[in-house]
Ligand code: GLN
């Protein structure tokens, strides 16, 4: 087995020299300002070691990766009842698509497309004010990252709010089907803010530990969720975590992962490592070009794919 520190360094060096980097998300104006020439990687292993390279300590907007944390909280709150509100099947459609919602009467395909994540946020809001729910989400992120400096970028949240016509449409559509219990503006306000949480690769790899290690924080004896729940969230990440690029990500990388349009990807190598990569250039599905490529190389070099090989 090659040494992980060497593999991580070599991957970062290769990514630095790549010309084809995709395009930064431009539909959220604040994200369009992020320089394209950045790449970071952080790998936290079962022995409690952290390996990083490149821009692993630069904070970025985690965007849809936050949907993993809100899903964890919503399952903790209502358990399997969550599946009355949102499905568990890959959508095969872009993350902000509305077409399936009409056929499926306002029940989103899965918790990772935007409609599904807004429905999950609505579940978290039951009986609470938006501010309280946002506080709960941020506290959870800080707890699993073991870092109280994890914060929300208000500029990004505002930028998304003023241009969030599609997300507003999705939320209203669900409301029309009586699939939203709280005011649409409350659910959207919390959603835009949790997408605007910023983390570094190092913080994100820390935050993913509970998914990589059967619900526990290794070395701490702390159980965040049950191993069964971690396994199920990982299954959803594998099948739905990259939207209509999920099949290709499974084919190339072979690990559960969740991407965000900030260019981050959180990936789980069960019982082996929690991995975070970031590079802001995206492919047409909204997944980081260099991030996916780096993970493909890492999984191959370390033989970490859940499919063997
Ligand atoms: N906040 C983004 C949106 O709602 C999240 C999308 C993503 O990261 N894929 O469009």
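Are there any pairs, at least 6 apart or on different chains, whose C-beta atoms fall under 9 Å, with the first in segment 161-182 and on the phi > 0 side of the Ramachandran plot and the second modelled with pLDDT of 95 or more and more than 12 Å from the ligand (Cβ to nearest atom), and if so, which?
178/106
Restricting segment 49-69 to residues that are within 20 Å of residue 143 (Cα to Cα) and either modelled with pLDDT under 95 or part of a strand (DSSP E or B) (or both), which is farthest from the ligand (Cβ to nearest atom)?
50
For segment 86-118: of the residues being more than 13 Å from the ligand (Cβ to nearest atom) and part of a helix (DSSP H, G or I), which is surrounded by the fewest Cβ atoms within 10 Å (Cβ to Cβ)?
103
On the basis of being surrounded by fewer than 21 Cβ atoms within 10 Å (Cβ to Cβ), without any contact (Cβ under 8 Å) to a residue 40 or more places away in the chain and touching a helix residue (DSSP H, G or I) at 6+ places or on another chain (Cβ under 7 Å), does residue 80 make the cut?
For residue 80, the condition - surrounded by fewer than 21 Cβ atoms within 10 Å (Cβ to Cβ), without any contact (Cβ under 8 Å) to a residue 40 or more places away in the chain and touching a helix residue (DSSP H, G or I) at 6+ places or on another chain (Cβ under 7 Å) - is not met.
Determine which member of the set 175, 161 is surrounded by 17 or more Cβ atoms within 10 Å (Cβ to Cβ) and within 16 Å of the ligand (Cβ to nearest atom).
161
Filter segment 181-215 down to residues that are within 30 Å of residue 45 (Cα to Cα), part of a loop (DSSP other than H, G, I, E, B) and away from the ligand (no atom under 14 Å from the Cβ) and give me whichever is nearest to the chain's Cα centre (by Cα).
So, considering only residues that are within 30 Å of residue 45 (Cα to Cα), part of a loop (DSSP other than H, G, I, E, B) and away from the ligand (no atom under 14 Å from the Cβ), the one nearest to the chain's Cα centre (by Cα) is 208.
Restricting the search to segment 262-297, which residues are over 16 Å from residue 211 (Cβ atoms) and surrounded by 24 or more Cβ atoms within 10 Å (Cβ to Cβ)?
262, 263, 278, 279, 280, 282, 287, 288, 290, 291, 292, 294
Would you check if there is a residue in segment 234-242 being modelled with pLDDT under 95 and under 23 Å from residue 97 (Cα atoms)?
No, the conditions are met nowhere in segment 234-242.
What's the number of the condition residue 142 fails, among (1) under 21 Å from residue 82 (Cα atoms); (2) without any contact (Cβ under 8 Å) to a residue 12 or more places away in the chain?
Single failed check for residue 142: (1).
Yes or no: segment 31-39 includes at least one residue that is farther than 14 Å from residue 277 by Cβ, touching a helix residue (DSSP H, G or I) at 6+ places or on another chain (Cβ under 9 Å), in contact (Cβ under 8 Å) with a residue 60 or more places away in the chain and not in a helix (DSSP H, G or I).
Checking segment 31-39: not a single residue is farther than 14 Å from residue 277 by Cβ, touching a helix residue (DSSP H, G or I) at 6+ places or on another chain (Cβ under 9 Å), in contact (Cβ under 8 Å) with a residue 60 or more places away in the chain and not in a helix (DSSP H, G or I).
For segment 122-145, what are the residues that are at pLDDT 95 or above and loosely packed, with under 14 Cβ neighbours inside 10 Å?
126, 129, 131, 132, 135, 139
The values are calculated or read from the model by the stated rules, or taken from the named source; none is laboratory data. On a predicted model such as this, the values are computed, not experimentally measured, just so you know. Virtual Cβ from ideal backbone geometry, glycine too; neighbours counted across all protein chains shown.
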